Amino acid sequence: MAITIKELSERAGVKIPTIRYYERQGLLPEPVRTSTGQRRYGTVDVARLRFVRFGRGLGMEIGEIRALIEMVGEGNGEEVVVAAEAIAERAERMKALCIGLQAISVAIIGGSIDEADAFDRLMAGEGAEVAEPAEPPPAPNPDATEAPQGQSRQPMDTAVVQEEASTAVELAAEGPMAEAAPEGDAPETPLSKPKRKRTRARS
């Protein structure tokens with residue numbers, strides 16, 4: 001299969017300027033060109049570009065994606081295992097952070113924690129241990145539109161706040177995946193390899 005860059009863009013769902021940027025970053029090999037200088041791509045290019053788009057949608061850095069592409073392309077299963085372990089470890093840490101954030105949010109709404117303590121506990125992975133407010137606020141009066149004089153207004157239901165926050169995160173995850181990246185090399189990561197110019201053999 002030999003397709004143009006326009007067809008590649010349509011099949012992979014990535015804009016043409018972004019494709020050219022990914023080529024400069026070594027995520028795609030240098031394409032075969034016709035006698036008139038037009039780029040031509042194949043089935044592997046479509047699959048690789050879709051994976052790049054997928055990885056960017058997960059928030060992966062350019063260097064991480066490039067390293068994974070090279071591992072798979074070179075058939076280096078051992079390095080793929082190491083990369084999988086590194087990603088799994090980071091996923092566990094992010095999961096712990098999410099749990100900590102949920103616990104911290106309850107303490108913040110209840111006014112039982114200050115900003116500095118919240119950050120310290122999040123970094124220490126102790127967010128789930130933040131104490132609940134000692135005295136729960138009084139139940140709201142359904143017949144009153146305003147709180148009695150001298151009584152503070154009822155705080156928002158923390159369960160509703162948490163549910164809305166979770167919904168927002170899910171909707172954000174289902175949104176359009178990132179395509180274009182800022183110009184210039186992305187910072188190196190534990191999965192990154194030195195960028196190599198990927199070229200394909202010319203027939």
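Remarks
- Residues of segment 34-52 classified as basic (Lys, Arg), surrounded by fewer than 20 Cβ atoms within 10 Å (Cβ to Cβ) and under 17 Å from Gly73 (Cα atoms), total: 1
- Taking the criterion of being within 22 Å of Met60 (Cα to Cα) and open to solvent by less than 90 Å² (accessible area, probe 1.4 Å), no residue of segment 109-127 qualifies.
- Here segment 97-108 is the region considered, the condition is being open to solvent by less than 60 Å² (accessible area, probe 1.4 Å) and without any contact (Cβ under 8 Å) to a residue 60 or more places away in the chain, and the residue that is nearest to the chain's Cα centre (by Cα) is Gly100.
- Candidates Glu70, Glu79, Glu61, Glu92, filtered to the one that is over 23 Å from Ala12 (Cβ atoms), modelled with pLDDT of 90 or more and surrounded by 15 or more Cβ atoms within 10 Å (Cβ to Cβ): Glu79
The values are calculated or read from the model by the stated rules, or taken from the named source; none is laboratory data. In this text, all values refer to a predicted model and were calculated from it rather than measured experimentally. We place every Cβ from the backbone using ideal geometry, glycine too, and count neighbours over all the protein chains shown. When the accessible area is computed, the model is the full protein with side chains, heavy atoms only, and any ligands, DNA or RNA have been set aside. Shrake-Rupley method; radii C 1.70, N 1.55, O 1.52, S 1.80 Å.
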